[in-house]
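What follows is a set of notes on a single structure, which appears directly below.
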Amino acid sequence: MVKTAILVSGGGTNLQAIIDAHLFGEIKNCELTAVISSNPDAYAIERAQHADIPAYIVDRASFPNRATFTKALLDKLLDLDIDLAVYAGFNFILDPPFIETYRNRIINIHPSLIPSFCGLGYYGLRTHEAVLEHGVKITGATAHFATEIADDGPIILQKAVPILEDDTPKSLQQRVMEEAEWEILPRAISLFCEGRLEVDGRIVHIKEVVDDAEQP
Ligand code: GAR
């Protein structure tokens with residue numbers, strides 16, 4: 001079983017999608033070991049408690065800088081013997097010691113089709129505002145390995161969502177979550193936990209499942 005920690009900062013609807021998919025057996029070979037919140041008031045903490053997943057708070061506001069916050073998070077993950085970290089609406093870029101320790105073992109969900117509308121400043125509703133301001137006709141979500149650069153690591157899965165004539169940032173955010181994020185994030189976690197992701201530079205190859213019954 002791959003010991004997985006979900007890192008959150010807010011409402012936790014992506015966390016809920018992971019919890020539900022796990023309950024329905026759609027995430028294979030995965031133990032939801034911990035939810036870690038950077039924000040003591042995040043509703044995601046209640047979602048974890050309802051699902052009987054141990055929840056921990058590593059409060060960003062109680063650390064003087066990013067380095068000490070990064071160290072506290074890294075220590076927590078190492079203490080819990082975590083194999084995979086998932087940023088599910090987690091608002092921070094972490095320092096190199098965290099990324100190096102967990103290189104290609106951190107999955108992030110971003111609410112656009114990377115490399116469009118991503119990077120510093122593109123977070124939550126702001127991303128959807130920028131999409132609508134630009135007038136693109138298709139947006140979506142991307143699950144990718146996180147690195148020290150915001151929204152830049154190797155892409156695992158993407159799903160497109162068309163923009164409707166009367167969309168507002170809120171309506172678009174909701175549809176991108178429902179139609180893309182809540183589907184591809186649990187799927188990306190399962191692919192990782194099943195050992196089906198092979199990273200070659202920027203390229204992630206998804207290995208097919210070999211059905212033993214069909215072997216000669
Ligand atoms: C989600 O839409 C997620 O993709 C986005 O924040 C929201 C968190 O919602 N993350 C980013 O924008 C990261 N760059 P949630 O707490 O309900 O899952």
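Data for the structure
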| read-out | value |
| --- | --- |
| Residues that are of a type in the set (A, V, I, L, M, F, W, C), over 14 Å from the mean Cα position of the chain (by Cα) and either closer than 15 Å to A85 by Cα or near the ligand (Cβ under 8 Å from one of its atoms) (or both), drawn from region 1-26 | M1, V2 |
| Those helices (runs of 4 or more DSSP H) lying entirely in region 118-216 with at least 1 residues of a type in the set (D, E) | 125-134, 182-193 |
| Odd one out for F117 among (1) more than 11 Å from the chain's Cα centre (by Cα); (2) more than 10 Å from the ligand (Cβ to nearest atom); (3) modelled with pLDDT of 95 or more | (2) |
| Residue count, region 99-140 (criterion: touching a residue at least 40 places away in the same chain (Cβ under 8 Å) and of a type in the set (D, E)) | 1 |
| Checklist (1) acidic (D, E); (2) at positive phi; (3) within 16 Å of the ligand (Cβ to nearest atom) applied to E46, failing item | (2) |
| Subset of region 124-162 that is hydrophobic (A, V, I, L, M, F, W, C), crowded, with 20+ Cβ neighbours inside 10 Å and farther than 22 Å from D200 by Cβ - its residue that is nearest to the ligand (Cβ to nearest atom) | A141 |
| Selection from region 99-114 of residues that are crowded, with 23+ Cβ neighbours inside 10 Å and either within 11 Å of the ligand (Cβ to nearest atom) or more than 14 Å from D152 (Cα to Cα) (or both) | N108, I109, H110, P111, S112 |
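The values are calculated or read from the model by the stated rules, or taken from the named source; none is laboratory data. From a predicted model like this one, the values you see are computed outputs, not experimental measurements. Here the Cβ is made from the backbone with ideal geometry for all residues, glycine too, and neighbour counts use every protein chain on show.
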